[in-house]
Number of protein chains: 2
Amino acid sequence: MQNNLSKELLANLRDWIEEGKDTSIREVLTELHPADIAELINELRREEAVYLYRILDEEQAAEVMLELDEGVREKLLSSLTSREIAEELIENIDSDDAADILQDLPEQKLEEVMALLGDEEQASDIIDLMTYEEGTAGALMGKELVKVNQNWTVAQAIREMRRQGEDMDHVYSIYVVDDRDALLGTLSMKNVIFASASMRTTIRELFREGKVRTVHVNTPAEEVARIMKKYDLVALPVVDDRGMLLGRITIDDIVDVMQEEADKDYQLASGISEDVEYGDSILTLTRARLPWLLIGMAGGMCSAYFIGVFDIETYPQMAIFMPLIAATGGNVGVQSAALVVKALANQSALDETLWQKLGKEFGVGLLNATVCSVIIMIASQLFHFELALGITAAVALFSVILFASISGTWIPLTLNRFGIDPALATGPFITTTNDIIGLIIYFSVGHYFLQRMGDITLSLF
Amino acid sequence: MQNNLSKELLANLRDWIEEGKDTSIREVLTELHPADIAELINELRREEAVYLYRILDEEQAAEVMLELDEGVREKLLSSLTSREIAEELIENIDSDDAADILQDLPEQKLEEVMALLGDEEQASDIIDLMTYEEGTAGALMGKELVKVNQNWTVAQAIREMRRQGEDMDHVYSIYVVDDRDALLGTLSMKNVIFASASMRTTIRELFREGKVRTVHVNTPAEEVARIMKKYDLVALPVVDDRGMLLGRITIDDIVDVMQEEADKDYQLASGISEDVEYGDSILTLTRARLPWLLIGMAGGMCSAYFIGVFDIETYPQMAIFMPLIAATGGNVGVQSAALVVKALANQSALDETLWQKLGKEFGVGLLNATVCSVIIMIASQLFHFELALGITAAVALFSVILFASISGTWIPLTLNRFGIDPALATGPFITTTNDIIGLIIYFSVGHYFLQRMGDITLSLF
């Protein structure tokens, strides 16, 4: 939707809501896609949003609800009665979406809504879906699918498919099962439409035998995303321990998982708690950001302590290269950690052992360290700093880069091993650690060289 | 594929290649998905890769080629003759994939391959696709689609669809066109299969009239991804200026675009040039990382210069809070920039004007700055630092956080306005700038307070 259009439209809608021009509102909204209507509602005040929502026809309203921002959706839901939720909303959406929405209701209201659901099959599907842990294939999957028994004829199957597929937006695959509901294989629409078979052929003769790619209901969402991306799948059946078909995950759910994953990594890397965005309130934004700043501050305090210990007043010139050492250490650490995080996400380069990884990173670190040290040495001479300081900076920089390369590789791998999100290591966390350790290295080296070389330098110049 | 399995298998394949056990190799490979075979080939030496590739049957080989890492693919292609590429590879893949692969061939070889292509329609499709600029809908789209004329009967259409869809993996939508090939609407497989219409109904009567969502062939890939995500589309038709149907973009192409986008932002934020990954050589990795370190070093040098100018030797105690000031400034700047980058990518909060954005960021900055300044003030008293230094740190930190909030918002917005990727602002670039300006603020404040308050402090303690 055009940006200007939406701004003007929003203003119009507000006026119409105030004036109660329901017909004008309805006229405009029927032309729009639910995702566009949701975008408009996200911008409205609560009473306006509720008013507008009630003008929509049932089916449109249900689809709009799915597209709303989570915060707006919760507010809107709390303004709807249990009956409205059960009879108008839930009846019009897929079981997996329904489970997502109902999950956020207060327990009392949830029970009322469930009691009011007319379709018992749907109700039991929803209850079933709500038992799966978030972030697993079970929580992602939908129950809506088209399945046919291998013993049916094509004519029988088409009749069944027509019935089962009636309410579905897309039918990606047709799942072939045996009498116990165990998944045997898949048929595509194309196979059925294009099969020059007679209507009396059985499905068994039509479908391709062989391994079907499935995931277990407890598979983590990231793993599901990886499989669907790798094998270019648009739908993936979900099975239980015994191979029974439970549901299917479609590519659009995976697109959302991928987006969330990428956003999460990106926000962790930039030191923001997971789930804020630009539109949130100042307080929410501050709450997401302040803790990370405090971590950085704590690191800064430690640095302050060490600088005190190392007695900066005796060698005040040491201050000159402090920012350079700290910044470079931080940058190297983040680079190393980011590469590891990406490799873990893509499961690439996993054949390399820990030692191979560290060895390679050591090689890269060695190259970077050499180039940077030589540059700092030359630059410090060009700036006419004392020789001992130049040597200190060069030696310290060399050590800091090597150290940061290794720790930047090791820390995310270790976090990952303990089940913690390795992307944590790319944020202020690792930068702060490297800052402190970098300064300790710098001051240790400085003490050594400045003490020993002070006299020599003085006699040279 | 299991990690251990692939390691063992790789070792076996290497042995078999050396011993020429082609039958064993073929036996194992026919069981595997092309994506898995590609993963194995990515790990092989060049001669081994070529040997293994030639063992694969034509169709399998073509699919494997599409899944290979770009570097490996280029090497493998340079080992194939023009005839092999034309007759075995290109004939077995979709026109959009073919265009992607041929794009990377040397000009001479490209001409030879094109001359050898048997299927003239495919050849002209490929040439057509190669003219579209990279990163546009035209470069993303495939020519393979199923389209039917509105005047055909269902029987005629099914015959045509069968012919057109024969070589396609998925048929997402059936496009309905008029005699001039202008896109009128879509039909789903479901519509056709489930329509209780007679075989003599015309398509015109079956398909839903109304707006079809399309993109123009020059639409940027990011915009295409945004549309398909927003409206949950699995396929999106591409049209020219006159509304003629040129091709279609499928969701799996968009998944790749999204992945690339996310990776790019993430790598820019962590200071790595775009296209490296963990498996690359030490030299490649260093080349992608060193430039960013040098930018950081240049910033460090500027800091060194300013620290010299501000005469650290007179106030050596100033060194104590340097790391804290620099780190916090950097962290705040990156947080602000990351939020802007995300908002720009999602096109969210675009209704806010620049001033609204800056105002909001100023509010968040004010809150963060107040909390952090108070903490540093208290901490510096607990550590028994002199009062003037504590005040200096608190005032400087306050100013630095506010400054970094504003610059962190303004810089990516400005980069974006000039057509530069705003994600640049989340990397070492903004951290370095904030480091330097933070220190300048710190030293300016320090000069003022330490000079005026030195005597007072001494008389207090």
Which residues, taken from the stretch A:241-288, are among the acidic types (Asp, Glu), closer than 22 Å to residue A:427 by Cβ and within 9 Å of chain B (Cβ to nearest Cβ)? A:261, A:263, A:265, A:277
Take residue A:69 and tell me if it is at pLDDT below 85, under 30 Å from residue A:164 (Cα atoms) and not aliphatic (A, V, I, L, M). no
The one condition in (1) free of Cβ contacts under 8 Å to residues at least 24 places away in the same chain; (2) more than 8 Å from every other protein chain (Cβ to nearest Cβ); (3) assigned to a helix (DSSP H, G or I) that residue A:311 fails to fulfil: (3)
Taking the stretch A:250-289 and keeping residues among the β-branched types (Val, Ile, Thr) and in contact with a helix residue (DSSP H, G or I) (Cβ under 7 Å, 6 or more places away or on another chain) leaves A:251, A:254, A:255, A:257, A:272, A:276, A:282, A:286
Note on the stretch B:117-143: residues assigned to a loop (DSSP other than H, G, I, E, B), crowded, with 17+ Cβ neighbours inside 10 Å and within 25 Å of the chain's Cα centre (by Cα) are B:132, B:141, B:143
Test set (1) touching a residue at least 24 places away in the same chain (Cβ under 8 Å); (2) surrounded by fewer than 19 Cβ atoms within 10 Å (Cβ to Cβ); (3) over 43 Å from the mean Cα position of the chain (by Cα) - residue B:446 fails condition number: (2)
Here is a list: B:64, B:50. Which entry is part of a helix (DSSP H, G or I), under 33 Å from the mean Cα position of the chain (by Cα), within 28 Å of residue B:90 (Cα to Cα) and within 14 Å of another protein chain (Cβ to nearest Cβ)? B:64
Out of all the residues in the stretch A:385-433, which are within 10 Å of chain B (Cβ to nearest Cβ) and modelled with pLDDT under 85? A:385, A:423, A:426, A:427, A:428, A:431, A:432
So residue B:299, is it without any contact (Cβ under 8 Å) to a residue 24 or more places away in the chain and either under 18 Å from the mean Cα position of the chain (by Cα) or at the interface with chain A (Cβ under 8 Å from one of its Cβ atoms) (or both): no
Matching residues in the stretch A:67-84 - criterion: being not hydroxyl-bearing (Ser, Thr, Tyr) and not in a helix (DSSP H, G or I): A:68, A:69, A:80
Checking the structure you have, find out if any residue of the stretch B:415-430 is assigned to a helix (DSSP H, G or I), of a type in the set (Phe, Trp, Tyr), under 25 Å from residue A:262 (Cβ atoms) and in contact (Cβ under 8 Å) with a residue 12 or more places away in the chain. yes
Quick one: how many residues across the stretch A:392-423 are crowded, with 24+ Cβ neighbours inside 10 Å, β-branched (Val, Ile, Thr) and over 11 Å from residue A:328 (Cα atoms)? 2
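So, residue B:250, is that one at pLDDT 80 or above, surrounded by 23 or more Cβ atoms within 10 Å (Cβ to Cβ) and more than 30 Å from residue A:337 (Cβ to Cβ) or not?
For residue B:250, the condition - at pLDDT 80 or above, surrounded by 23 or more Cβ atoms within 10 Å (Cβ to Cβ) and more than 30 Å from residue A:337 (Cβ to Cβ) - is met.
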Scanning the stretch A:356-382 residue by residue, those of a type outside the set (D, E, K, R), more than 17 Å from residue B:294 (Cβ to Cβ) and without any contact (Cβ under 8 Å) to a residue 40 or more places away in the chain turn out to be A:356, A:359, A:363, A:381
In the stretch A:160-187, how many are farther than 24 Å from residue A:91 by Cβ and not small (Gly, Ala, Ser)? 12
Being surrounded by 14 or more Cβ atoms within 10 Å (Cβ to Cβ) and in a loop (DSSP other than H, G, I, E, B) is the filter; apply it to the stretch B:152-168 and report the residue that is nearest to the other protein chains (Cβ to nearest Cβ). B:168
Considering only residues of the stretch A:254-280 that are out of contact with any Lys or Arg (no Cβ under 9 Å at 6 or more places or on another chain) and surrounded by fewer than 24 Cβ atoms within 10 Å (Cβ to Cβ), which is modelled with the highest pLDDT? A:257
Given (1) assigned by TED's automatic domain parsing to the domain that holds residue A:343; (2) in contact with a helix residue (DSSP H, G or I) (Cβ under 8 Å, 6 or more places away or on another chain); (3) not in a helix (DSSP H, G or I), index of the condition residue A:306 fails: (3)
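Every residue, every condition in (1) without any contact (Cβ under 8 Å) to a residue 24 or more places away in the chain; (2) among the β-branched types (Val, Ile, Thr), yes or no:
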| residue | (1), (2) |
| --- | --- |
| A:36 | no, no |
| A:56 | no, no |
| A:65 | no, no |
| A:71 | yes, no |
| A:75 | no, no |
| A:83 | no, no |
| A:89 | no, no |
| A:93 | no, yes |
| A:98 | no, no |
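One line per residue, one yes/no per condition, for (1) farther than 18 Å from residue B:286 by Cα; (2) among the charged types (D, E, K, R); (3) touching a residue at least 60 places away in the same chain (Cβ under 8 Å):
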{"position": "A:386", "(1), (2), (3)": "yes, yes, yes"}
{"position": "A:389", "(1), (2), (3)": "yes, no, yes"}
{"position": "A:407", "(1), (2), (3)": "no, no, yes"}
{"position": "A:435", "(1), (2), (3)": "yes, yes, yes"}
Subset of the stretch B:322-341 [facing another protein chain (nearest Cβ under 7 Å) and either in contact with a Gly (Cβ under 7 Å, 6 or more places away or on another chain) or polar (S, T, N, Q) (or both)]: B:323, B:324, B:326, B:327, B:328, B:331, B:332, B:334, B:335
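The values are calculated or read from the model by the stated rules, or taken from the named source; none is laboratory data. All values derive from a computational prediction rather than experimental measurement. All Cβ positions, glycine included, derive from the backbone under ideal geometry; neighbour counts span all protein chains shown.
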